[in-house]
Amino acid sequence: MRQISIDPITRIEGHLKIDLDIDSGEVKSARSSGTLFRGLEEVLSGRDPRDASRITQRVCGVCPAAHAVASTLALDDAFGIQDKIPANGRIIRNLILGGNFIQSDVLHFYHLSALDYLNPEDLKGLESHNSGVKDLQTYLESTDGAPFTPEYSGDYRLGAEISEALAGDYLQALEIRKKAHQLIAIFGGKMPHNMGTVPGGTTNKPDIDSITKFRSRLGEIKEFVNNRYLPGIVELAKGYNDYFGVGQGVSNFIEYGGFYLEGFAGSHKQTSKGLEGGVISDGSDSVKDYDLSQITEEVHHSWYKEEGQGHPSKAKTLPEADKEDAYSWVKAPRYEGKPHEVGPTARMMINYLKGNELVERELGRAMDKVGIELDQLPSVMGRHLARAVECKCVIELMEDWVENLEPGKPSCAEYEMPESGRGVGLTAAPRGTLGHWIEVAEGQIKNYQLVVPTTWNASPRDEGGKPGPIEQSLLGTNIQDPENPLEAARVVRSFDPCMACAVH
Ligand code: NFE
Ligand code: MG
């Protein structure tokens with residue numbers, strides 16, 4: 001038995017340590033540890049509730065708009081104004097969130113994950129007419145290779161043609177992310193940490209100028225995603241087809257859904273959304289409704305006091321750094337007591353099985369192109385494919401929504417903040433499903449709990465010793481060379497972990 005630690009695992013957001021026991025070239029046991037404490041939930045306590053949508057965005061610079069949306073939905077609920085949000089406000093929130101999805105997805109593939117498959121060394125002797133490749137070559141000649149090296153050696157097996165195409169898109173992908181940030185800034189003032197998403201709706205009213213700017217940028221982004229990103233992933237998937245059989249995980253999936261398409265009072269569950277929610281249990285091919293009462297967080301192996309245990313409407317987050325048997329600052333969310341994977345794979349599977357026409361069409365086409373079935377989607381390559389398909393779908397939805405904005409009409413409801421109340425805000429976020437729970441008393445935040453996508457995926461073991469989704473997905477992975485655990489890194493990165501979010 002050989003024990004190795006990848007600490008920190010690079011090219012993800014934040015501080016994640018992966019410990020592996022390897023025997024006969026195969027992972028026998030895996031532990032995922034969030035190595036940083038943040039404590040934003042405690043920071044929120046005692047504050048003006050309306051500050052929650054500003055403060056919770058500081059959980060993360062990658063998906064702040066998702067926290068802004070979850071937080072404002074929780075506040076709408078606590079203030080009893082869920083059904084008062086004007087259509088403009090609801091649509092602008094969706095457009096801001098959509099912009100965040102795009103920038104996050106493009107970041108994850110080109111700037112974080114592509115180097116798991118693309119060896120910069122291969123670019124050195126390449127005679128290329130692609131200006132992006134030439135710029136990268138010039139850059140690599142003038143440096144020691146950073147930030148692309150050092151990297152694990154291993155099976156980099158893309159042919160010259162696809163390597164050249166992906167490398168050529170690397171710099172353009174930065175431009176596309178900039179444009180996606182601009183989409184958010186048009187209606188949210190700035191990115192990261194937009195100022196536009198507030199209880200009652202949004203601060204910015206749409207006008208012809210903002211709509212035109214938004215449309216033109218979205219069109220340029222669409223061109224890249226449809227013609228470069230998704231086809232690039234399809235080519236990558238053909239070259240690494242065996243990775244549809246690596247990193248399967250826990251076979252349970254949960255998503256609340258996001259991009260609300262109508263106003264609602266009370267139940268978010270029956271409200272129609274651009275991407276729907278649901279639960280898939282034990283690899284079933286049917287989708288159940290989610291039941292929020294079945295969500296718990298466990299802290300048996302997390303450095304938190306017992307008060308951290310239980311339903312997020314009641315739990316606290318109090319650190320206990322010297323706790324025995326604990327190995328992570330990430331809590332362990334469970335649904336019906338079981339670990340669940342969240343993310344584009346969960347969302348695309350749930351929407352495909354529920355008959356979402358857009359997802360059926362786009363995911364169906366992509367699966368045909370790479371020659372896989374739906375049950376191969378929970379895998380390293382399946383997660384990359386699902387993310388790119390979702391990005392394409394979100395853009396198509398956004399194109400419709402922007403046409404429904406009504407210049408001159410209000411985007412925010414007037415309201416009076418009550419002294420007390422409880423609320424929950426649920427949304428899809430780029431890395432999975434996101435929930436914020438708030439309790440207001442005497443005009444202040446009494447308790448605030450976030451259950452975040454990477455908290456689900458990177459969670460440690462629970463009381464019964466069941467591993468979290470990333471831990472489970474590493475089991476059985478073949479590691480050719482324990483000094484260069486490239487295969488394990490590919491498994492972990494396929495989840496697109498964000499540890500700042502996970503520990504919040
Ligand atoms: Ni920090 Fe996030 C997303 C949220 S998290 S990136 O997407 O919410 O896991
Ligand atoms: Mg939390």
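We did not get these values from a lab; they are worked out from the coordinates using the rules stated. Just so it is clear, the model here is predicted, and its values are computed rather than measured. When we count neighbours, we look across all protein chains shown, and the Cβ atoms used for this are built from the backbone with ideal geometry, even at glycine.
Here are some residues: Ile12, Ile85. Which one is under 27 Å from Glu471 (Cβ atoms), surrounded by 17 or more Cβ atoms within 10 Å (Cβ to Cβ) and more than 16 Å from ligand 2 (Cβ to nearest atom)?
Testing whether each residue is under 27 Å from Glu471 (Cβ atoms), surrounded by 17 or more Cβ atoms within 10 Å (Cβ to Cβ) and more than 16 Å from ligand 2 (Cβ to nearest atom) leaves just Ile12.
Residue check, Leu107 against (1) more than 20 Å from the chain's Cα centre (by Cα); (2) in a helix (DSSP H, G or I), all met but one. Which one?
Every condition holds for Leu107 apart from (1).
Residues are listed down the side, and each one gets a yes or a no for (1) surrounded by 14 or more Cβ atoms within 10 Å (Cβ to Cβ); (2) closer than 30 Å to Phe214 by Cα; (3) aromatic (Phe, Trp, Tyr); (4) without any contact (Cβ under 8 Å) to a residue 40 or more places away in the chain:
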{"site": "Leu118", "(1), (2), (3), (4)": "yes, no, no, no"}
{"site": "Leu123", "(1), (2), (3), (4)": "yes, no, no, no"}
{"site": "Glu127", "(1), (2), (3), (4)": "no, no, no, yes"}
{"site": "Val133", "(1), (2), (3), (4)": "yes, yes, no, yes"}
{"site": "Ser153", "(1), (2), (3), (4)": "no, no, no, no"}
{"site": "Ala165", "(1), (2), (3), (4)": "yes, yes, no, no"}
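Looking only at residues in region 43-69 that are under 23 Å from the mean Cα position of the chain (by Cα) and either of a type in the set (Gly, Ala, Ser) or away from ligand 1 (no atom under 16 Å from the Cβ) (or both), which one is surrounded by the fewest Cβ atoms within 10 Å (Cβ to Cβ)?
Gly61
Show the residue pairs that are 6+ apart or on different chains and have beta-carbon atoms under 9 Å apart, the first residue being within region 169-197 and at positive phi, the second being assigned to a loop (DSSP other than H, G, I, E, B).
Pairs that qualify, where the first residue is at positive phi and the partner is assigned to a loop (DSSP other than H, G, I, E, B), are Gly189/Met195; Gly189/Gly196; Gly189/Thr203; Gly189/Asn204; His193/Gly61.
From the residues in region 290-343 that are under 21 Å from the mean Cα position of the chain (by Cα) and acidic (Asp, Glu), which one is nearest to Asp19 (Cα to Cα)?
Within region 290-343, the match that is nearest to Asp19 (Cα to Cα) is Glu341.
Condition check ((1) among the acidic types (Asp, Glu); (2) part of a loop (DSSP other than H, G, I, E, B); (3) crowded, with 19+ Cβ neighbours inside 10 Å) across all residues:
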residue: Glu175; (1), (2), (3): yes, no, no
residue: Gln182; (1), (2), (3): no, no, no
residue: Lys222; (1), (2), (3): no, no, no
residue: Val225; (1), (2), (3): no, no, yes
residue: Tyr229; (1), (2), (3): no, no, yes
residue: Gly232; (1), (2), (3): no, no, yes
residue: Gly249; (1), (2), (3): no, yes, yes
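Are there helices (runs of 4 or more DSSP H) fully within region 393-504 with at least 2 residues that are away from ligand 2 (no atom under 16 Å from the Cβ) and crowded, with 24+ Cβ neighbours inside 10 Å? List them.
469-474, 486-494
Yes/no matrix, rows are residues, columns are (1) crowded, with 24+ Cβ neighbours inside 10 Å; (2) out of contact with any His (no Cβ under 6 Å at 6 or more places or on another chain); (3) closer than 22 Å to Arg177 by Cβ:
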position	(1), (2), (3)
Arg361	no, yes, no
Val370	no, yes, no
Glu373	no, yes, no
Pro378	yes, yes, no
Arg383	yes, yes, yes
Ala388	yes, yes, yes
Cys391	yes, yes, yes
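What's the number of the only condition in (1) within 15 Å of ligand 2 (Cβ to nearest atom); (2) closer than 16 Å to Gly278 by Cα that Glu298 fails to meet?
Glu298 satisfies every listed condition except (2).
If you scan region 257-279, which residues turn out to be of a type outside the set (Val, Ile, Thr), assigned to a strand (DSSP E or B) and in contact with a Lys or Arg (Cβ under 8 Å, 6 or more places away or on another chain)?
Within region 257-279, Gly257, Gly258, Phe259, Tyr260, Leu275, Glu276, Gly277, Gly278 qualify.
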